[in-house]
Amino acid sequence: MIRFTVPAAILCALLTFIFVYVEPASDAEAILGPAALDASKIESANDRQLIISLVSEKRETRNKAARAIAGWLATHDLVSGVQSGPEALSSSFMDWVWKRRFRLNPPVDDNLSVESMSDRLAQARRALTQGSGMLIGDRLLRDPTGSFAGIVDRLGETPSGLTQIDGVWQSRDDTAAIVFVTLDDRPFETAETTDLAQQIRARATEFDVESYMLGPRIIAAEISKQTSQAASFAALVATVFLLVWLAWLLRSGRRLLSTFLPLILGIATATVVVQLGFGSVHVVALGFGGALVGLALDYPLHLLSHSAENRRQTERLVLIGAITTAAGFLALFGSGVPALMQTGLFVSTGLAVAAISSRLIVPRDDTVLRAPPMERLAWHMPFKGWVEAGVLIAGITVIASAPAGSVKTLFEPPGHVDAVIARFAEMLPLPSGQHVITVEGENLSALLAREAALRPILDAAVAEGSLGRYSMLGAFMSPGADATPAQRLSGPEFNRRATEALRENGMVPGFAATQTADYLAALAAPEIGPGDLAAFPEMKLIAANVSQTETGWRERVQLFDPKEPRKLSIAVASAKIAGVDMFDIRQKIEAALIDLRNRVAKWLGFGAIAAFAILAIGLGDWRRAVRIALTTAAATVFTAATLTLAGGTLGVFQIVALTLIVGIGIDYGLFLSGAGEQDTDHARYRSVALCAGSTLIAFSIMALASVRILQEVGLTVSLGVIVMICFNLAQPIRRGADAQ
């Protein structure tokens, strides 16, 4: 009873710690790694934007729903900004704009000429006679440079070129009301985002409208939800089948408990160790690592399959197998990718704990009564070593000579996402998800100056039809494309010009003193600081893609419908504007994935070499270690070559799954190589048959999952196990008492 009571108590303590302290993480940078992709170059608040379309044939119904949902979202903890239509600019925001108008829209030389100032005063007088202009008319008179008027005009433009009816933005096909949402700047949480989406759908249903949502975090939550559901379902089905399979073979609740308890202890301990080591547990490490730790189920099965007389030797082989496989996975630390480093620690810890606990938990006086007679399938292979070496060389040649092809993404969105994107493209112009321009400056003024230099290039692309339109802060709050910043006028000189402009309009010349005072105050206004862009809701939306960096400011310029991105990229590069770069995000990510795949393959290769070195030391028989290594390497490379021929370049997780195949090969080789074993052939073959059957049940079910990543991992391991069994069942033709 103590055999199960103590581990059960330890497990309860581990599970309590997991429930209270373990923090799952799902950030993308932990998967790609900061060295693989300079994500900060292309990150912005746009990644936190969400577009909601509320579809109904009745405009009044959808507008009512838009206003209600926007009002509710404005008070939601996850939302930092929301707009369902043009809003009146607050007086506090207009005061801020007035004081910093020269920082936002500095006047050019032409603006400071007497003629231009006179024209501006005439326009200001006309604005005073209009309802909307009466609120700002006095400031238009006090700023004859036109800087304030230019800002006001740009603020009045409608985002995305949408029309508004009854104060609500309408899709361009007039089928939906559109609501723009900016999520709060906090770490991405799948559960919170999914819950928010469900609440939005529920509120839309209350108004009898159909809702669609589009945004990076919504898509990421959909991917996570789909993957989690598919993985949970596959795990549930696999567990049921495994329980049935093992219950039939073991025919004892005690044996069944002693088989699963080490595995559960290993996973729980690995989760706690990763949490303590990294401060969180990435979903990749939790899900993928948990699947790989499934190899730990083999350890109690080996112990149950051999006689009590051979228990010590069996325990030794189990420990050697666990240590060598753990060493192979620890090599993932060399990848530098946090999620994969966590996976390496997770698997190595889980296997070590499972191996040790199996030795303590599995009864010594118990044996399995049933097992498939695998020894009948053994067959003889002439020149086995040479054949395996030939397979190894041929497989490496196939992998090395295969065309690179397209790199597989780590995760893929659910199928309906493409349909949603296509539907939104009919409703409103969408920014390119592939091409983006970043502009950097040591301060906001430098940023706007560089955007002013960029504007002629973008305007030319729009004029010739190679670009639909673009969106950047500089298009709203900087001089025109052909403008040159004005030389600062002295107070007396400005006063002289203002006085003359007033006289030309028949106005009181003495008002020039007020204009001059306001002019000098605007020149002395402080630089716009970090808190300014976030101080007002109006600025949060206008400057959604502007962020402060360690060295200054950065904006991600949105490009709409770039028809000739390569041509635009060449034009931007040729201009040689400091701090301005154009990126193809897809190429950046693809390059990052290639680099990630190569690094993972390299370090796992080092891990495999280290594992076989440890194997030779542990066995104390280098010839036997070489035989196991050659068979395992041949079977692993054969599996990789087959997958390459069938599906192209291997993905990152397929390569990691191949490391599991190496671990399985070492495990099977330890028992099937047979040198120095005291137990019968039947026990050795029975042991491997039980392990192979359990592994195939779990991973073949995973291969049938609806998510590609699960399919690939399941197929890789399932195929690898079958190939590994075939290679290990092939026995060398003996000459006398010696094997080939």
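Readers should treat all values here as calculations from the given coordinates under stated rules, not as data from a laboratory. Note that the structure is predicted; figures quoted are calculated from it, not measured. Cβ: placed from backbone, ideal geometry, glycine included. Neighbour counts: every protein chain shown.
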Using the per-residue mean of other Cβ atoms lying within 10 Å as a proxy for protection, in what order, highest first, do the peptides 117-126, 634-643, 584-593 fall? 634-643, 117-126, 584-593
Amide proton proximity set for H435, modelled H, under 5 Å, gap of 5+: I585
Expressed as an acute angle from 0 to 90° and rounded to the nearest 10, what is the orientation of the C-alpha long axis of helix 708-729 relative to the principal long axis of the chain? 20 degrees
Describe numerically, in nm with one decimal, the distance between label points set 7 Å from Cα along Cα→Cβ at R125 and at V6. 9.9 nm
FRET efficiency (D185, D561; Cβ distance; R0 22 Å; to 0.05) is 0.20
Positive minus negative residues near S118 (Lys, Arg vs Asp, Glu; Cβ under 10 Å): -1
Taking the Cα centre of region 136-290 as origin and charging only Cβ (+1 Lys, Arg; -1 Asp, Glu), how large is the dipole, in debye to the nearest 20? 1200 debye
Can you compute the FRET efficiency between A535 and R154 using 1/(1 + (r/R0)^6), with r the Cβ-Cβ distance and R0 = 22 Å? Round to the nearest 0.05. 0.70
Just going by the charge dipole of the chain, with Lys and Arg at +1 and Asp and Glu at -1 on Cβ, which of P492, I722, T514 is farthest out on the positive end? I722
Nearest 10, in degrees from 0 to 90: the angle of helix 622-647 to the longest Cα principal axis of the chain is 50 degrees
Describe numerically, in nm with one decimal, the distance between label points set 7 Å from Cα along Cα→Cβ at K225 and at A394. 4.9 nm
For region 237-333, alpha-carbon Rg over 2.2 N^0.38 Å: 1.21
Please rank K563, K225, fewest neighbouring Cβ atoms within 10 Å first, as an exposure proxy. K563, K225
Would you kindly work out the equivalent ellipsoid of region 156-242 from its C-alpha gyration tensor and give its semi-axes, the square roots of five times the eigenvalues, largest first in whole Å? 36, 15, 11
If the chain between A646 and V626 were fully extended at 0.36 nm per residue, the gain over the current Cα-Cα distance would be 4.2 nm
Descending semi-axes in whole angstrom, ellipsoid equivalent of region 496-610, from the Cα gyration tensor: 53, 20, 13
Name the long-range amide H neighbours of V281: under 5 Å, sequence gap of 5 or more, or other chain; modelled H, no Pro or chain starts. E23, A25
Please order R708, R359, R556 by the number of other Cβ within 10 Å, starting at the fewest. R708, R359, R556
Label L523 and D195 with points 7 Å out from Cα along Cα→Cβ: what is the distance between them in nm? 5.6 nm
Mind ranking 140-148, 12-20 by how tightly packed they are, going by the mean number of other C-beta atoms within 10 angstrom, highest first? 140-148, 12-20
Let me spell out the model: positive unit charges on the Cβ of Lys and Arg, negative unit charges on the Cβ of Asp and Glu, origin at the Cα centre of region 245-352. What dipole size does that give, in debye rounded to 20? 300 debye
Would you mind classifying region 177-310 by shape? Square roots of the alpha carbon gyration tensor eigenvalues, ordered a ≥ b ≥ c; an a/c under 1.5 is rounded, otherwise it is prolate if a/b is larger than b/c and oblate if not. prolate
Find which of I655, A221, I51 sits farthest along the positive direction of the dipole of the chain, computed with +1 on the beta-carbon of Lys and Arg, -1 on that of Asp and Glu, about the Cα centre. I655
Charge dipole of the chain built from unit charges on the beta carbon (Lys, Arg +1; Asp, Glu -1), centred at mean Cα; most positive-end Cα among G474, I396, L619 is L619
Explain nothing, just the number: dipole magnitude of region 576-724 about its Cα centre with +1 on each Lys and Arg Cβ and -1 on each Asp and Glu Cβ, in debye rounded to the nearest 20. 260 debye
How much of the pair distance distribution for the chain lies past 34 Å, counting alpha-carbon pairs only, in percent? 59 percent
Across the chain, how many lysine pairs, 8 or more positions apart or on different chains, have C-alpha atoms separated by under 29 Å? Please give the number. 24
